[in-house]
Each structure stands twice: as C-alpha cells, then as structure tokens.
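The values are calculated or read from the model by the stated rules, or taken from the named source; none is laboratory data. Since the model is a prediction, treat every value here as computed from it, not as a measurement. Note that each Cβ is placed from the backbone with ideal geometry, even for glycine, and that neighbours are counted across all protein chains shown. Side chains are part of the model used for accessible areas, which takes the heavy atoms of the whole protein and leaves out ligands, DNA and RNA. Shrake-Rupley method; radii C 1.70, N 1.55, O 1.52, S 1.80 Å.
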Amino acid sequence: SWRHRLSVTCADCVAERNLARLLGGQTLHASLPQAWSRDLFQGYAAFLQKRGYSLGGRWRLLRIARVLCQRMGEELAAAEDINAAWLERGFATISPRPPVRPSFLIFLREAGLLPPPDEDAGWLRAITAGVERVPAPFRCLVEQYAEFRVRVRQEQNRRNLSRVLALRTVAEDVRTLHRFARHLQRESPTVKSWALVTEGDIVRFLRSLRV
C-alpha cells in the first residue's frame, strides 16, 4: 500500500541522515581521534555499502562498529595489532550478541588484518600435503604453481573483489597434477620432468580419467 511505501521511504531517509551524521567529518574525528581506527571504520562502512547492505542495516552495524573501533584506538597501537582474542573480548562486552561480528570479521580478513578462518587453514594444509605427495621430479613446479595461485587469491582479497579464487580449487588442481605425475611414471617412465611432457601424454591422461 502507499502507506507501507511511505513508511519504508521515511525509514530509509532517517537511516540515511543517521549515516551522514555518523560518518560526518567532525563527528568521526571526535569519536575516533586515532587516524588508523578512523580509517578502519570508514573502510568497514565502504565494505558494507559495496556488499549491498540496506541503509538501515548499515546504520545498525556501524553504530556497534564505532564502539569497537573506539576501544581499538584506546587499547591498541595500530591496526596490525588486531587479533582474534582481542576481538572476542570486544564482542563479549556488547549485549545482546552483536550482529556486527560476521561481517566485521569478513572485512578484517579481506583487509589482511586477520588470518584466514579455520576452513581456509584446512585447505592450505591440504595444498601443502598434496604438493608433498607429488613425485620428486615433478614436485618443484607444482609447488611454484600452488604458491602462485595462493598469491593470486590473496591479491583478489586485498582488492576486495566480488569473485575470489577458492583454495579448494587450488587443492583440487594440485591433486590432479599429482595424479598426472603418477600416470606419467607408470605409463611414460622416460618422462622425467614436466618439460618432457607431450600433447599425447596429456591426451592419454585425460582419457584415463573417469569424469
């Protein structure tokens, strides 16, 4: 109904005004006097906007994030000092459980200020283990390939791209290269390095796969 549309519009207008005050220069400098914590807060605000959060949603999350950034500025010397233990203590002081936690952690990870979550760490271990299983004559280039792909992912995260290379994909690539190297040792024992691989070797390997 028109009344519902009007109420939604008015709510958005209020949220927009609140956001403008919250992010305004004087208010921001007064509440976050440390430049690094202010930059962090503004970065989180840009992150929420880029991710498509509503005006009201951004306002609610940023109010809480400002409190966290204030405490960071008071207790930490720089953004590089942020760690998971400090964040958990900070979240614990906010009641009820802060809805800001998931998005704020993602933002910090993408900014390179927190290590990857346990799932990413698991895939990184899988990549390392997969490289170690590759036969020695073929291992060096597979290791270089895996390291390059992980660096690509890190750069994508740093640039806050919407589509990021999955570590699972890298792990699967390493597993496929391991299988290919084993296939070469079994079917083409004269091939002692990737430099000696021919198109025919690749075709025979692909045909051997059960997709």
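Is it true that some residue in region 168-189 is open to solvent by 40 Å² or more (accessible area, probe 1.4 Å), outside any helix (DSSP H, G or I) and at pLDDT below 95? Scanning region 168-189 turns up at least one residue that is open to solvent by 40 Å² or more (accessible area, probe 1.4 Å), outside any helix (DSSP H, G or I) and at pLDDT below 95. Each residue in region 41-66 was checked for being in a helix (DSSP H, G or I) and either without any contact (Cβ under 8 Å) to a residue 60 or more places away in the chain or more than 23 Å from the chain's Cα centre (by Cα) (or both), and 18 of them qualify. The residues of region 129-141 that are aliphatic (A, V, I, L, M) and either open to solvent by 60 Å² or more (accessible area, probe 1.4 Å) or touching a Gly at 6+ places or on another chain (Cβ under 8 Å) (or both), listed by number, are Ala136, Leu141. Checking each residue in region 190-201 for being within 14 Å of Cys140 (Cβ to Cβ), in a loop (DSSP other than H, G, I, E, B) and open to solvent by less than 70 Å² (accessible area, probe 1.4 Å) picks out only Ser193. Considered as a group, the residues in region 106-128 that are aliphatic (A, V, I, L, M) and in a helix (DSSP H, G or I) include one that is surrounded by the most Cβ atoms within 10 Å (Cβ to Cβ), and that residue is Ile127. Of the residues Val131, Val150, the single one that is in contact with a His (Cβ under 9 Å, 6 or more places away or on another chain), part of a helix (DSSP H, G or I) and closer than 15 Å to Glu172 by Cα is Val131. Return yes when Val152 is at pLDDT 90 or above, closer than 25 Å to Asn83 by Cβ and surrounded by fewer than 16 Cβ atoms within 10 Å (Cβ to Cβ) and no when it is not. In short, no. Restricting attention to region 19-40, the residues that are modelled with pLDDT of 85 or more and either outside any helix (DSSP H, G or I) or more than 20 Å from Phe107 (Cβ to Cβ) (or both) add up to 7.
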